[in-house]
Amino acid sequence: MTGAPVAVDGASVPQARPDVAVVTLDGEAVIHRRGQVHVLDPVATLVWRCADGEASVNEIAADLADAFAASPESVLRDVGHAVERLTALGLLVDAGADADAGVDSDSDSAPRDDLLVDPPGSCPSCVERHWAFRRSYRTGTRVASVAANNERADAVVRAVFAAQLVDTPPELATEPPFFAVELHEHESGGLQRLDLLHRGDTIVARSRRPDRVVRALAGHLASYGDLGALGLAAVNGLVVGRGERAMVVAHPADPLRFRRALARHGVLVADMPVALVDPSTGDVVVGAPGLDVDLSPIEALALQSSGLEADPLPWGRARVVAIGVPAPASPAAALLALGPAEGDHGDHDGTLRALLALFDAVPVTDAADPEAISAELERG
Amino acid sequence: MDEPRAEVRRLLDGYPNTAEGERAGATPRLCLLGFDVEMHTPDAELTRYITQLYAPMRRADQAEHVLTLSRSGPAGAAGPEWAVHLDAIRVVATPAASIAFQYLLWEANRQAIESSTDFVLVHASAAVFDGMAMVLPGPMGAGKSTLAAALVREGLGYLTDEVVALDPATGLIRPYPKYLSLGGALADLVPQPPASIRAFLGDQHLVAPEAIRPGSIAAAAPPRLVVAPRYEPGAGTTLDRLTPAAALSILAQHAFHIERDAQRTLDALGSVVDHSQCFQLVSGDVAGATATLLELVAEIAASPRASASS
């Protein structure tokens with residue numbers, strides 16, 4: 001034990017936190033609290049056992065001095081040090097202090113369910129990267145943080161989603177952004193840098209047209225909304241179509257090349273991460289259902305850059321005429337190709353129901369390459 | 001099983017097929033602690049190999065869950081080539097067969113841990129001597145699997161190389177006799193896998209316990225010895241007694257899901273320590289560590305106080 005002065009008030013009344021688990025073996029307590037395991041030496045264990053929320057530090061010290069026929073000053077110092085250490089470890093609180101400031105002060109630090117955040121440690125690079133701008137937007141009952149790499153990107157996103165903008169909850173301020181938009185200046189001549197949409201550590205949309213990246217953000221945000229209330233379910237596939245006919249196909253390895261090849265066949269691709277399926281009609285909804293979105297800033301961007309890439313599939317409803325997965329195609333193959341992914345924040349049962357409904361309504365084909373997709377859309 | 005999961009289960013029965021449309025295979029039903037699963041792969045040889053790795057946990061009838069290792073199509077086609085799904089939920093998609101296979105085994109183990117709420121689970125290997133269990137808790141790289149394999153080769157019974165499942169009601173450690181995953185030190189124990197599946201294995205050295213020593217799977221046994229191993233390259237072998245509190249602290253630090261019911265877990269592990277002799281083993285040499293442990297178990301078995309039923 002140290003001879004250093006004790007910072008603990010002798011009148012304080014130490015008490016174990018309610019969320020600890022304890023076992024004592026051979027006079028040494030082993031205590032678990034919130035993932036941490038502590039071993040107390042015999043003196044600290046004795047103090048721990050006396051910390052019943054009734055006796056003050058002074059009273060505990062006096063009792064122990066009597067019991068061990070020891071010097072009251074020396075015992076008080078030892079008890080004070082033990083209480084100080086156990087309090088610093090978060091194992092004891094002062095029962096006499098304001099309960100709000102003590103027992104439960106750190107019991108609600110877990111992220112709220114309605115905030116879209118990734119598990120701790122899931123993306124070290126997201127933690128390290130600094131974004132110039134960050135704002136929070138509501139989607140359904142949830143709130144997501146959206147970062148932007150420059151003032152222009154931030155202004156566009158803010159204008160498009162102004163109706164969804166909310167104050168950033170303190171719990172989100174310390175988390176990496178859920179989405180990040182990276183738009184680059186368009187220069188005449190030379191190769192145009194790709195504009196990007198990040199979701200965690202994954203680039204989920206890339207295009208030479210910034211309007212397509214912002215549309216993709218809209219689609220992504222909508223996919224985390226309350227789809228069930230809208231009668232929709234998110235299927236993990238790409239929507240491609242021509243006119244009012246659409247297909248849900250497996251995500252390609254190289255989306256840019258796939259889009260270009262489809263465009264040559266007159267097939268357009270939705271800027272959506274998922275197919276939002278209405279199982280009651282067999283339609284897909286392209287756009288941002290559930291969000292109040294101002295399309296004019298997106299259309300202005302499109303005017304500036306429409307020559308750089310094909311147009312996306314327009315927003316609205318389209319009838320699904322087939323599902324396309326790589327051969328050999330079967331409902332089981334489609335289920336695995338288009339089904340939910342672990343940790344995707346989605347309603348997995350809703351997605352599975354929507355897929356099963358689609359399997360009943362339309363054929364599962366091996367039309368997975370652009371030519372076959374074009375032919376299938378023609379047939380459908 | 002509720003709808004739509006039942007329909008999903010029906011669709012997955014028989015998937016995946018080979019490119020020629022032939023059924024490649026499913027393992028039998030496997031009971032991995034509380035996780036009831038069969039594994040499907042597109043390669044019949046790989047399916048046979050997995051079945052051997054989990055042979056002691058085979059059961060009859062249809063399993064509740066399916067873990068599927070699938071190829072999404074011919075090389076160069078759309079999408080990643082390999083994927084692992086638990087039922088219809090994607091666990092991983094990757095171009096590398098070896099990564100997908102690693103995930104398949106990892107997910108099976110993870111689900112075994114997640115599904116086994118009746119047991120107190122500890123990240124530890126365990127072997128049986130004289131009807132008593134030796135528990136070796138430790139982090140990855142401590143030498144748990146290597147020591148378990150070496151002890152099994154020397155005649156001890158095999159309980160697990162990774163997850164000790166303690167039944168608080170009986171005080172017994174239940175076997176979870178999955179394959180052992182070994183480092184290079186005991187690579188000679190690992191039979192050469194069929195050439196056609198080596199791409200799936202990557203640098204993993206997996207061995208079924210029966211391949212180390214036939215008849216090595218032990219029945220449930222009461223813990224009577226706790227040894228926390230630590231591998232230190234180049235170190236000589238030392239064995240030091242741990243205080244009961246220190247041993248309990250080590251077990252608790254390696255308990256899975258302790259936060260689900262921390263007091264129940266600590267009580268159960270405290271009881272293990274109460275009935276056990278507890279040591280810290282530091283070694284850089286498998287043979288030396290194994291010899292030390294064999295001497296220790298011989299001493300304990302010979303001691304008049306030692307008894308599986310005490």
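Restricting the range A:248-283 to residues that are small (Gly, Ala, Ser) and in contact (Cβ under 8 Å) with a residue 24 or more places away in the chain, the residue that is surrounded by the most Cβ atoms within 10 Å (Cβ to Cβ) is A:ALA275. Taking the range B:155-170, which residues are free of Cβ contacts under 8 Å to residues at least 60 places away in the same chain and in contact with a strand residue (DSSP E or B) (Cβ under 7 Å, 6 or more places away or on another chain)? If the condition is that a residue be free of Cβ contacts under 8 Å to residues at least 60 places away in the same chain and in contact with a strand residue (DSSP E or B) (Cβ under 7 Å, 6 or more places away or on another chain), then B:THR160, B:ASP161, B:GLU162, B:VAL164, B:ASP167 are the ones that fit.
For the range A:42-62, give me each residue that is in contact with a helix residue (DSSP H, G or I) (Cβ under 8 Å, 6 or more places away or on another chain) and more than 13 Å from chain B (Cβ to nearest Cβ).
In the first step, residues of the range A:42-62 are kept if they are in contact with a helix residue (DSSP H, G or I) (Cβ under 8 Å, 6 or more places away or on another chain); the result is A:43-44, A:46-48, A:50-51, A:55, A:57-58, A:60-62.
Of everything in the range A:42-62, those that are in contact with a helix residue (DSSP H, G or I) (Cβ under 8 Å, 6 or more places away or on another chain) and more than 13 Å from chain B (Cβ to nearest Cβ) turn out to be A:VAL43, A:LEU46, A:VAL47, A:CYS50, A:ALA51, A:ALA55, A:VAL57, A:ASN58, A:ILE60, A:ALA61, A:ALA62.
Within the range A:137-166, can you find the residues that are within 14 Å of the chain's Cα centre (by Cα) and on the phi > 0 side of the Ramachandran plot? Result: no residue meets the conditions.
If I filter the range B:140-154 for residues that are surrounded by fewer than 20 Cβ atoms within 10 Å (Cβ to Cβ) and in contact with a strand residue (DSSP E or B) (Cβ under 6 Å, 6 or more places away or on another chain), do I get at least one hit? Before you say what the answer is, go through the steps one by one.
Of the range B:140-154, the ones surrounded by fewer than 20 Cβ atoms within 10 Å (Cβ to Cβ) are B:140-141, B:153-154.
Among the residues that remain, those that are also in contact with a strand residue (DSSP E or B) (Cβ under 6 Å, 6 or more places away or on another chain) are: none.
Within the range B:140-154, none of the residues are surrounded by fewer than 20 Cβ atoms within 10 Å (Cβ to Cβ) and in contact with a strand residue (DSSP E or B) (Cβ under 6 Å, 6 or more places away or on another chain).
Just one of the numbered conditions (1) under 30 Å from A:GLY228 (Cβ atoms); (2) surrounded by 14 or more Cβ atoms within 10 Å (Cβ to Cβ) is not true of A:ARG152: (1).
For the range B:183-191, state whether one or more residues are surrounded by fewer than 14 Cβ atoms within 10 Å (Cβ to Cβ), under 17 Å from the mean Cα position of the chain (by Cα) and either at positive phi or not basic (Lys, Arg) (or both).
Residues of the range B:183-191 that are surrounded by fewer than 14 Cβ atoms within 10 Å (Cβ to Cβ), as a first pass: B:184, B:187-188, B:191.
This time we only want the ones that are under 17 Å from the mean Cα position of the chain (by Cα), so: none.
For the range B:183-191, residues surrounded by fewer than 14 Cβ atoms within 10 Å (Cβ to Cβ), under 17 Å from the mean Cα position of the chain (by Cα) and either at positive phi or not basic (Lys, Arg) (or both): absent.
Filtered by the rule that a residue be in contact (Cβ under 8 Å) with a residue 60 or more places away in the chain, touching a helix residue (DSSP H, G or I) at 6+ places or on another chain (Cβ under 7 Å) and within 14 Å of B:GLN111 (Cα to Cα), the range B:32-72 gives B:LEU32, B:LEU33, B:GLY34, B:PHE35, B:VAL37, B:MET39.
Restricting attention to the range B:184-217, report how many residues are in a helix (DSSP H, G or I) and among the hydrophobic types (A, V, I, L, M, F, W, C). Give the derivation first.
Of all residues in the range B:184-217, those in a helix (DSSP H, G or I) come to B:184-189, B:195-201, B:209-212.
Add one more test, that the residue is among the hydrophobic types (A, V, I, L, M, F, W, C), and what stays is B:185-187, B:189, B:195, B:197, B:199-201, B:211-212.
Here the count works out to 11.
Among the residues of the range A:269-278, at least one is at pLDDT 90 or above, within 14 Å of chain B (Cβ to nearest Cβ) and assigned to a loop (DSSP other than H, G, I, E, B).
Given the options B:ARG241, B:ARG260, B:ARG198, name the one that is surrounded by fewer than 17 Cβ atoms within 10 Å (Cβ to Cβ) and in contact with a Cys (Cβ under 8 Å, 6 or more places away or on another chain). It would help to see each step written out before you state the result.
On the way: B:ARG260 fails: in contact with a Cys (Cβ under 8 Å, 6 or more places away or on another chain); B:ARG198 fails: in contact with a Cys (Cβ under 8 Å, 6 or more places away or on another chain).
Within the list B:ARG241, B:ARG260, B:ARG198, the selection yields B:ARG241.
What's the total number of residues in the range B:257-287 that are β-branched (Val, Ile, Thr), farther than 17 Å from B:PRO139 by Cβ and within 12 Å of another protein chain (Cβ to nearest Cβ)? Walk me through it before giving the result.
To start, the set of residues in the range B:257-287 that are β-branched (Val, Ile, Thr) comprises B:258, B:265, B:272-273, B:282, B:286.
Subsequent filtering for residues that are farther than 17 Å from B:PRO139 by Cβ retains B:265, B:272-273, B:286.
Narrowing the set further to residues that are within 12 Å of another protein chain (Cβ to nearest Cβ) leaves B:265, B:272-273.
The qualifying residues number 3.
Per-residue answers, yes or no, for (1) of a type outside the set (Ser, Thr, Tyr); (2) crowded, with 18+ Cβ neighbours inside 10 Å; (3) assigned to a strand (DSSP E or B):
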| site | (1), (2), (3) |
| --- | --- |
| B:ARG224 | yes, yes, yes |
| B:ALA228 | yes, yes, yes |
| B:CYS278 | yes, yes, yes |
| B:GLY288 | yes, no, no |
| B:LEU293 | yes, yes, no |
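In summary, B:ILE250 fulfils each of the numbered conditions (1) closer than 20 Å to B:GLY143 by Cβ; (2) assigned to a helix (DSSP H, G or I); (3) at pLDDT below 95 with the single exception of condition (3). Quick check on this structure: which one of A:GLY350, A:GLY339, A:GLY316, A:GLY343 is on the phi > 0 side of the Ramachandran plot, within 11 Å of another protein chain (Cβ to nearest Cβ) and under 29 Å from the mean Cα position of the chain (by Cα)? Being on the phi > 0 side of the Ramachandran plot, within 11 Å of another protein chain (Cβ to nearest Cβ) and under 29 Å from the mean Cα position of the chain (by Cα) holds for just one of A:GLY350, A:GLY339, A:GLY316, A:GLY343, which is A:GLY343. Restricting attention to the range B:258-276, does a residue exist that is of a type in the set (Asp, Glu), part of a loop (DSSP other than H, G, I, E, B) and within 22 Å of B:LEU182 (Cβ to Cβ)? Scanning the range B:258-276 turns up no residue that is of a type in the set (Asp, Glu), part of a loop (DSSP other than H, G, I, E, B) and within 22 Å of B:LEU182 (Cβ to Cβ). Scanning the range B:106-117 for any residue that is free of Cβ contacts under 8 Å to residues at least 24 places away in the same chain, within 14 Å of chain A (Cβ to nearest Cβ) and in a strand (DSSP E or B) turns up nothing. Is it fair to say A:PRO255 is within 14 Å of another protein chain (Cβ to nearest Cβ), more than 23 Å from the chain's Cα centre (by Cα) and not aliphatic (A, V, I, L, M)? Spelling it out, A:PRO255 is indeed within 14 Å of another protein chain (Cβ to nearest Cβ), more than 23 Å from the chain's Cα centre (by Cα) and not aliphatic (A, V, I, L, M).
Here the range A:225-247 is the region considered, the condition is being surrounded by fewer than 24 Cβ atoms within 10 Å (Cβ to Cβ) and in contact with a Ser or Thr (Cβ under 8 Å, 6 or more places away or on another chain), and the residue that is nearest to A:LEU295 (Cα to Cα) is A:GLY225.
Specify the residue that is farthest from the chain's Cα centre (by Cα); the eligible residues are those in the range A:19-41 that are in a loop (DSSP other than H, G, I, E, B) and more than 7 Å from chain B (Cβ to nearest Cβ). Can you show your working first?
Residues of the range A:19-41 in a loop (DSSP other than H, G, I, E, B): A:19-20, A:26-27, A:34-35, A:40-41.
After this cut, where a residue has to be more than 7 Å from chain B (Cβ to nearest Cβ) as well, the list is A:19-20, A:27, A:34, A:40-41.
On the way: A:ASP19: 27, A:VAL20: 29, A:GLY27: 45, A:ARG34: 22, A:LEU40: 38, A:ASP41: 42 Å.
Result: A:GLY27.
Taken over the range B:206-237, the residue count meeting the criterion of being more than 24 Å from B:ALA187 (Cα to Cα) and away from chain A (no Cβ under 14 Å) is 7.
Considering the range A:319-333, the residues that are free of Cβ contacts under 8 Å to residues at least 60 places away in the same chain and either closer than 22 Å to A:VAL117 by Cα or among the hydrophobic types (A, V, I, L, M, F, W, C) (or both) include one that is nearest to the other protein chains (Cβ to nearest Cβ), namely A:ALA332. What is the residue count in the range A:223-252 for residues that are more than 14 Å from A:ALA372 (Cα to Cα), more than 14 Å from chain B (Cβ to nearest Cβ), in contact with a Leu (Cβ under 9 Å, 6 or more places away or on another chain) and not in a helix (DSSP H, G or I)? The total comes to 7.
Applying the condition of being among the small types (Gly, Ala, Ser) and buried (at least 24 other Cβ atoms within 10 Å of the Cβ) to the range B:114-137 and asking which residue is farthest from B:THR292 (Cα to Cα) yields B:ALA124.
The values are calculated or read from the model by the stated rules, or taken from the named source; none is laboratory data. Quick caveat: nothing in here was measured; it's all calculated off a predicted structure. With ideal geometry, Cβ positions are generated from the backbone for all residues, glycine too; neighbour counts draw on all protein chains shown.
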